[in-house]
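Everything on this sheet refers to the single structure shown next.
The values are calculated or read from the model by the stated rules, or taken from the named source; none is laboratory data. All values derive from a computational prediction rather than experimental measurement. Backbone-built Cβ (ideal geometry, glycine too); neighbour counts: all protein chains shown. Note: accessible area is taken over every heavy atom of the protein model, side chains too, but ligands, DNA and RNA are not part of it. Shrake-Rupley method; radii C 1.70, N 1.55, O 1.52, S 1.80 Å.
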Amino acid sequence: DGRWHHVCLTWENVQGEYKVYKDGQLEAQDFESNRDFMVKPGGWVVLGQTQETAGDGFETSKAFTGELAEVNLWDTVLSDADIASQYRNCYIPHGSVIQWPQFEVMGEVEIKQYSCTLTSGKSNQVLTTQEEFEVLPPEQA
């Protein structure tokens, strides 16, 4: 739809519950997803590229094309209220495991500025300006 959306995924490993939120509202949830699984330290988080196995390499056919901003990772499940507040207030606190500024840029990526704008009535209020990564489409061979 051409608009920015706040998306948040949570996963709790004991029961295997995951939830998907869009613009502060719960959109989907399920249980039994990797129940009792422990994430081992020292791994990688890859944005914008599907990988079958860790360190699988990068293929243009599996690449994300679009824009990302304020990606963070926490070591605890955020509450429904915390997620709704992040969306409502245009404020994303830094993650306790990975913070947005820690991501390294690889490949065809452009760093731009974006503004988080809240709309109330007829006026727009720009609350913050942050960096975003725009993942460019791969060049055709």
Point to revise | the stretch 8-117: C-alpha gyration tensor shape, a/c 1.5 cut-off, then a/b vs b/c | key: oblate
Exercise for review: Could you calculate the FRET efficiency of Glu59 with Val7 from 1/(1 + (r/R0)^6), where r is the beta carbon distance between them and R0 is 25 Å, rounded to 0.05?
Suggested key: 0.60
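So which chymotrypsin sites (Phe, Trp or Tyr not before Pro) in the stretch 38-100 pass both tests, a DSSP loop state and at most 16 other Cβ atoms within 10 Å of the Cβ?
Taking the stretch 38-100 and a limit of 16 other Cβ atoms within 10 Å, the loop chymotrypsin sites (Phe, Trp or Tyr not before Pro) found are Trp44, Phe58, Phe64, Trp74, Tyr91.
List the GluC sites (Glu not before Pro) in the stretch 41-81 that DSSP assigns to loop (not H, G, I, E or B) and whose Cβ has at most 12 other Cβ atoms within 10 Å. Which are they?
Sites meeting the loop and neighbour criteria: Glu52, Glu59.
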**Study point:** Accessible-area ranking of Ile83, Ile98, largest first, probe 1.4 Å
**Key:** Ile98, Ile83
**Study point:** Residue (of Ala54, Tyr18, Asn89) at the positive-pole extreme of the stretch 1-98, dipole from beta-carbon charges
**Key:** Asn89
**Study point:** DSSP-assigned coil residues among trypsin sites (Lys or Arg not before Pro) in the stretch 30-108, each with at most 16 further Cβ atoms within 10 Å
**Key:** Arg35
Revision key, fill the gap. Residues other than Gly95 with Cβ under 15 Å of its Cβ, Lys/Arg counted +1 and Asp/Glu -1, net out at -3
**Study point:** Which of Val7, Val97 is most accessible, then next, and so on - probe 1.4 Å
**Key:** Val7, Val97
Practice item. Note down the magnitude of the dipole of the stretch 1-97 about its Cα centre, charges +1 on Lys and Arg C-beta and -1 on Asp and Glu C-beta and zero elsewhere, to the nearest 20 debye. Key: 180
